[in-house]
Structures are given as C-alpha cells and as structure tokens.
1. Per q in 0.16 1/Å, what log10 I(q)/I(0) does a Debye calculation on the alpha-carbon atoms of the range 100-223 return?
2. Does the range 156-308 classify as rounded, prolate or oblate by the C-alpha gyration tensor (a ≥ b ≥ c root eigenvalues; a/c under 1.5 gives rounded; else a/b over b/c gives prolate, otherwise oblate)?
3. What are the lysines whose alpha-carbon lies under 26 Å from the alpha-carbon of residue 166, with same-chain residues fewer than 8 places away excluded?
4. Going by amide H atoms built from the backbone, whose H comes under 5 Å of the H on residue 59, apart from near neighbours?
5. Could you tell me the relative contact order of the chain? Use alpha-carbon pairs under 8 Å, at least six residues apart, and round to a whole percent.
6. Within 10 Å, at most 12 other Cβ atoms, and a DSSP state outside H, G, I, E, B define an exposed site. Report the longest part of the chain free of exposed chymotrypsin sites (Phe, Trp or Tyr not before Pro).
7. Considering the dipole of the range 180-300 built from charges on the beta carbon (Lys and Arg +1, Asp and Glu -1) around the Cα centre, which of 189, 258, 235 is farthest to its positive end?
8. Starting at the first residue of the range 181-189, write each ³J(HN,Hα) from the Karplus equation 6.51 cos²θ - 1.76 cosθ + 1.60 with θ = phi - 60°, in whole Hz, x for Gly and Pro.
Amino acid sequence: MSSDTRRPLVAVAALGGTISMVPGNGEDRAVPRLSAADLLGGLGEDLAMDVHAETLAGISSASMDFATLVKTREWAARAVAEGAQGVVVVQGTDTLEETAYFFELTWDSEAPVVITGAMRNPSLPSADGAGNLVAALTVAAEPRSRRRGALVAFNDDVHQARWVRKAHSSHVEAFSSNPAGPLGLVSEGLVHYFHPVAARPAALSLVDADFSGLVPIVESGVEDTGEVLETLIKAGAKGVVIAANGGGHVSAATAGVIERALPDLPIVVASRTGAGPTFRGTYGFRGSESDLIAMGATMAGWLDPRKSRMLLHVLLATGAPRDRVEAEFRLRGDLT
Ligand code: GLU
C-alpha cells in the first residue's frame, strides 16, 4: 500500500449489499456481483485522494456475522497501521447500523471508519451508490473526522454510529439519527460538522472474543405470555435483550420469567419505540421499569434494542461479568 504524500490514503473494504448487486446471467433480480475495484472504477472522477480497495465479502447484509465483522475490523486496523487516514466499509443497508455500532464499540484508532451502501442498485435509474461512496470517501479523508469513531455517510448526511438506524425500507434517505439528528453533511465536496469532536467511551477489547451462543432480542407486546423468552432461556441463551414497551415495560407474565432468570442471566431492557430512553422511576406496576430494575435487569437508556444486542453480545463474547455489563450500559446508554 503506498500513497502520494500530498494526497490522503483511504482504504475501502467492500462486503456486498445493494451497492454491489446487479441483475445478470439470465437472472432479472439483483445479487452481489461487483467487486471493490468495480465500485471505485464506476466513480469516474478525480477524488483527490489515493484509494486502496479490497473485496472482503460479497454478501447480502442480512447474512452479516461476527466472523465477517472481526475480519473487517482487523483489515481496517492493518490498513490504518500501513498509512490509511480513514477507512470506508461498503455493505448492505439492512444491517448497516449494526456494523457501524460494532465499529463504534471496538475501534480504538483516531482514524474514522465510515460505513456506506446504497438503496438502489447500479442498474436502476438514480442509483445512489456512487454518490454515497464519494461522500464516504470524502468523510474518511477529512482530518476533522478524526476521533469521531464510526460514522455513516448516506444521502450526503453524516451520522454517528451511536444514533443511526435504517428508518425506511426503500427511500434513498433511508437513515435517521432521530432524535439527535445527523452529525454533519457533505456539500460541494466538503464535510460540514454541526458539533465539535466529543469524548467517547474507551474501545472494548476483542482479545480472545468468542461470539458463539445466542444473544437474542425478544419483543414485548400484546399477548406477551413470556413463553418465547422462557424457551430461549431454556435453549441456552447467553443473554437477552428485551425490546420492551414504551419506557421499558413488559407484561406481568414476562416479569415473572425475567425475575426467575436474572440471577443467572444478563437481561437488558431497551425501548422498542425507536426514540427516547428507558425510564428509571416513573411506574411501579408489575413489569414496569422500577420492578425490572429492582430485580436486577439492566436498562439500555438511549440504546435501541439492536444496539443493545450488539453491546451485550460483544461484552459477553469477552467474558464481561454482570457488574461490567451494567456499567457499560450506563456509560454508553445514559446521556445524563
Ligand atoms: N436494501 C438492502 C441494501 O441496501 C438489501 C441488501 C442488503 O442489505 O445487503 O443493500
């Protein structure tokens, strides 16, 4: 890997997703076919940077797994050690927010990692992949992106991994950081940040990480009998995230299951609403946030169920004891 010293070097890892999917070979539906070189070759403009691109996978992001995430993180760390000023990860949008949060949790470099993808594949009118990739490269090469951790560049917005989520299944403006709002945007080839660099919690180590075992999300709602949760616990789940109602509420039946399981199992309670924190002391009914906290459940604060699952899985993979799980959720989930 070498770079003209006057130009920044950015490393690009292509993992698949719509941005790399086109119909072909007699098939009229899109599947991953394009390599990292194809994606870069399609930009057709002077990027004012050197790019080192590699294809690390060619998958739909629904098939993203920890093995691919760890491999990509190690590749990114090597690229930075060899001189890259930033890294771009290109993948499908369906689980993009989880990849972004995995990097946010585990990335210990000042260099930015910028995740992007596309909603319209390259064979469609107004395909958005090339524009998103140029924006991601621009953000990754920008010195003011340093020490901001993992970012998502999409539709010319720049989102923090901490907040971003896919909020639409088909629009090109598919990502939202509701309720915090984007961190910045790209306009006329320049990155505009709305906020200065802020302190971030220390990166979680992945030394000897073992991601085997189930860490499921179980959603509460009408007719919440607790049986699904009980079945998963009996199946050997290592930890569970409850996508709970409102500010962190479950049915009385599920509260009973949680109470019986908690001495042995970490259980995190996150809000399924998509915005707003879990509560700490508003309600006192059976299954309320106060009831669950009194049992020893961990409240996710502002972290949504998917981010909570990522944090819990990474912590359990590295053998974090219960008090550490509680402390990390307080650190990363609470804004107060
Ligand atoms: N809409 C998704 C995408 O943007 C589908 C495929 C995937 O997530 O890999 O890429």
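Read-outs: derived from the displayed coordinates by stated rules, not from any lab. Quantities reported herein were computed from a predicted structural model and do not represent experimental measurements. Heads up, the Cβs are rebuilt from the backbone with ideal geometry, glycines too, and the neighbour counts pull from every protein chain shown.
1. -0.84
2. Here the range 156-308 falls in the prolate category.
3. 71, 307
4. The list, which skips near neighbours in sequence, is 16, 17.
5. 13
6. Of all site-free stretches, the longest is 1-193.
7. Of the options given, the answer is 189.
8. Ordered by residue, 3J(HN,Hα) equals x, x, 7, x, 8, 10, 9, 6, x Hz.
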